[in-house]
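Here is the structure we will look at, set down as structure tokens.
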Amino acid sequence: MALTQKSRKFLEDLHIYLLSSGKNLNEIKEITTELEDHLIEAEANGKSIDQIVGDSPSAYMESISGEMKSDLASWAKYFPLVLLGPIAFTIFGDLLDNGVLAYSLFNIIGMIVYTFLFIMGVSIVFKYTSRKQTSVTKEIIILSLPIIVSMLFYLLVLFLDTMIDTPIVNFGEIGSIVLGSVVFILIIAFSIWSKTIIIPVVLLALFLPDILLKQTALSESSKLIIGMFITY
């Protein structure tokens, strides 16, 4: 027997809430599977999810989360990937555009702060939307907030970078190639270690079309349109 849409939505929200609360992945899977079986049995007997979780799904989620231990150690392996992602996008993009990497100390620090702000923002809004049982439209609007805020922060960093004089780290042509190679190797290594290919796939989708289209005689506008289509 299939669950009702409301029950399925609750299980999805519970899964996201526990993930964003730093709980153990295996325990989350066990708990959501057990609850799914319980809901299937209850609905087969004519009970609704409201009779199972009560009037406050938020309180029910918090009670389950409170009974579970946080497992930040198992999540720690993903932080290098998350931190490496924006850095890799910047480095590979600049290598393709300029061929030589040069960043101010202010810019480097700003990129690191931007990444942590984004991680914290996404975690907070995931917990909020899953706990509040919001509509899809409202979820999209709320989830876009950390993206907008972090991007505005980084634009502010780029703007202030032109006004604040800090030491420039110039890698030169050989150093840029070495740095790009090291970042590439780290991405592959971390992806194998954490068993996820998200960053390599996104990097390929973003940059491979530009690399291939640069070898053609197409106009810049055609390259832009075709590149966007291939990326999507």
Counting only residues 5 or more apart in sequence or on a different chain, those whose built amide H sits under 5 Å from that of residue 23 are 71
Can you give me the span-like helices of the chain, meaning DSSP H runs with 20 Å or more of Cα extent along the axis and Kyte-Doolittle mean at or above -1.0?
-> 5-20, 25-44, 79-97, 105-132, 136-161, 172-194, 198-213
Fraction of the pair-distance distribution of the chain above 23 Å, Cα-Cα pairs, percent = 63
Cα extents of the stretch 176-232 along the three principal axes, largest first (Å) = 40, 26, 11
Measuring from its Cα centre, the chain shows a charge dipole (+1 at each Lys and Arg Cβ, -1 at each Asp and Glu Cβ) which, in debye to the nearest 20, is 140
Mind giving me the nanometre distance, one decimal, between the label points for residue 87 and residue 108, set 7 Å out from Cα along Cα→Cβ?
-> 1.0
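Which order do you get for 151, 163 if you rank them by accessible area with a 1.4 Å probe, largest at the top?
163, 151
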Once the whole set of protein chains is in place, how much accessible area is left on residue 34, using a 1.4 Å probe, in Å² to the nearest 10?
-> 120
Hey, which of these cross-link pairs are over 20 Å Cα-Cα: 6/195; 9/69; 6/127?
-> 6/195; 9/69
Would you tell me the accessible area of residue 70, worked out with a 1.4 angstrom probe on the heavy atoms of the protein chains, in Å² to the nearest 10?
-> 80
Förster-model FRET efficiency, 25 Å R0, residue 162 and residue 222, C-beta, rounded to 0.05 = 0.15
Rounded to the nearest 10 Å², the 1.4 Å probe accessible area of residue 23 is 10
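Assign one of three labels to the stretch 110-232, namely rounded, prolate or oblate, based on the Cα gyration tensor with a ≥ b ≥ c the square roots of its eigenvalues; rounded applies when a/c is under 1.5, prolate when it is not and a/b is larger than b/c, and oblate otherwise.
On the way: a/c = 1.57, a/b = 1.29, b/c = 1.21.
Prolate is the answer for the stretch 110-232, as a/c is 1.5 or above and a/b outweighs b/c.
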In nanometres, what is the gap between the two model label sites at residue 30 and residue 210, each 7 Å from Cα along Cα-to-Cβ?
-> 4.6
Which of 155, 196, 32 sits closest to the plus end of the dipole of the chain, meaning its Cα is farthest towards the positive end, when Lys and Arg get +1 and Asp and Glu get -1 on the C-beta?
-> 155
Is the stretch 1-41 best put as rounded, prolate or oblate by its Cα gyration tensor, with a ≥ b ≥ c the root eigenvalues, rounded for a/c under 1.5, and otherwise prolate when a/b is larger than b/c, oblate when not?
-> oblate
Can you list the residues, at least 5 places off or on another chain, whose amide H is less than 5 Å from the amide H of residue 169, using H built in the peptide plane?
-> 103, 104, 105
Carbon/sulfur fraction of accessible area - the chain, other protein chains in place, 1.4 Å, % = 69
What accessible area per residue comes out for the chain, rounded to a whole number of Å², with a 1.4 Å probe?
-> 62
What does the charge add up to near residue 105, with Lys and Arg as +1, Asp and Glu as -1, over the other residues with Cβ less than 14 Å from its Cβ?
-> -2
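The values are calculated or read from the model by the stated rules, or taken from the named source; none is laboratory data. The structure presented is a predicted model; accordingly, all values stated were derived computationally and were not measured. Ideal geometry is used to build each Cβ from the backbone, glycine not excepted, and the neighbour counts take in all protein chains shown. Calculation scope for accessible area: heavy atoms of the full protein, side chains included, ligands and nucleic acids excluded. Shrake-Rupley method; radii C 1.70, N 1.55, O 1.52, S 1.80 Å.
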